[in-house]
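Structure first, commentary second.
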């Protein structure tokens, strides 16, 4: 029986041989199921919901044959389609909507009419990724030349193709794109199925391994060479010199401590980058996190002769990872203690209910301000942590490179201020994961201010806006 509609009572009795229409219907349905099987290869046999995913094949067959746009798709599926997948007809759209991979059905008629490529159907994941309605022009969703090329090859040359697509925005997302030709519509329009698979984790894993090896080999070379030199010296003429031995051992201990810190920071940065595209889901009170960091760094600040000046505006609930938020506050406050100098001060402020522009507003009219990370959604309300030190400040020329790995301002690469050069890079990646922002404001000779701002939870943002 045809999938799209029941035969008319006035229609003649069908013969035993299958009509061309019936063969087209059967072939289209088989092709639809085969396409789906390809797109979920590797998952179908292992996941309990694998059988339910086959419903997308039935939906695709309906789209190909009827030409119905997404708003009429559910109405085009009759009860005869339900036994094919074991689901009610109304559930077919729900299955397609619930697929985690972006899926679109594209149509085109004239190869030369680039604006004529239409999105007949886009599931929820596709609509959220490309920020389009269920029906739209393809060029409004995708402008990547490689993706458009494989779509055209599938539409007009009948060639299945693959390519990679990197989504825009602050956070990097990598997608493997599959375009597969479908049967032509009744009006001669060509059809193609476009499926995207998230390859972000795999790409991040690969880049993490390469970056870690490159960074570790480069940065560990100097302390290892220093240790080897001191060991040779202690084996030689300094072996019987207690003063030289004690001095060399102290330097060796400092170098070993630096290597341990370096490896720890590299591993921390790699873990953060690996999950940077996965937004945290816990609720964290920034005021409590900041207070905990201030208490923990209190003895260190006291030993360095630095005073804290803390101003918190009360509870500030944000959606985030508490350990990473504490790591951000600790890195910034620890930097403030290092550069404030003996007798200096570190001012720590927590301000709630700010817009992105208010969070990074310039407070020192003589200073230079630079936004090191700007979130995509500017209409969100934020809670900002401002950490200001009374140190020597930073030259304007150095501001753009502060979040680069291992970048340290000239004159700050040795002595008691020695660090790994990864602290601000870690802060930037954590803030990116939290969809927040990072900015710096500084005047040479008058200290520096670092600002991080986190999106408030919806309830707190609504209360702050009212």
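Coordinate-derived values only; no laboratory data. A quick note: this is a predicted structure, and the numbers were derived from the prediction, not measured. Because the Cβ atoms are built from the backbone with ideal geometry, glycine has one as well, and the counts that use them run over all protein chains shown.
The average projected area of the stretch 210-277, computed from the convex hull of its Cα atoms over all directions, is 4.6 nm².
Maximal additional length on extending the residue 458-residue 358 stretch stands at 34.1 nm, based on 0.36 nm per residue less the C-alpha distance. Packing here is the average count of other Cβ atoms within 10 Å per residue, and on that basis the peptides 174-183, 223-232, highest first, run 174-183, 223-232. In this structure, residue 135 and residue 311 have a Cβ-Cβ separation that, at R0 = 56 Å, corresponds to a calculated FRET efficiency of about 0.60. Computing FRET efficiency as 1/(1 + (r/R0)^6) for residue 371 and residue 249, where r is the C-beta to C-beta distance and R0 is 56 Å, gives about 0.80. Sorted fewest first by neighbouring Cβ atoms within 10 angstrom, 241, 152, 101 come out as 241, 101, 152.
Projected label points at residue 173 and residue 404, each 7 Å from Cα along the beta carbon direction, are separated by 3.0 nanometres. Take the Cβ-Cβ distance between residue 162 and residue 288 as r, set R0 to 56 Å, and report the resulting FRET efficiency rounded to the nearest 0.05. Efficiency, rounded to the nearest 0.05: 0.70.
Residue ranges 93-99, 296-302, 452-458 sort as 452-458, 93-99, 296-302 when ordered by packing (mean number of other C-beta atoms within 10 Å per residue, highest first). The protection proxy used here, the mean number of other Cβ atoms lying within 10 Å of each residue, ranks peptides 286-293, 111-118 as follows, highest first: 286-293, 111-118.
Could you tell me whether the stretch 264-413 comes out rounded, prolate or oblate from its Cα gyration tensor? Rule is a ≥ b ≥ c as square roots of the eigenvalues, rounded for a/c under 1.5, then prolate if a/b exceeds b/c, otherwise oblate. Rounded, because the longest to shortest axis ratio a/c is under 1.5.
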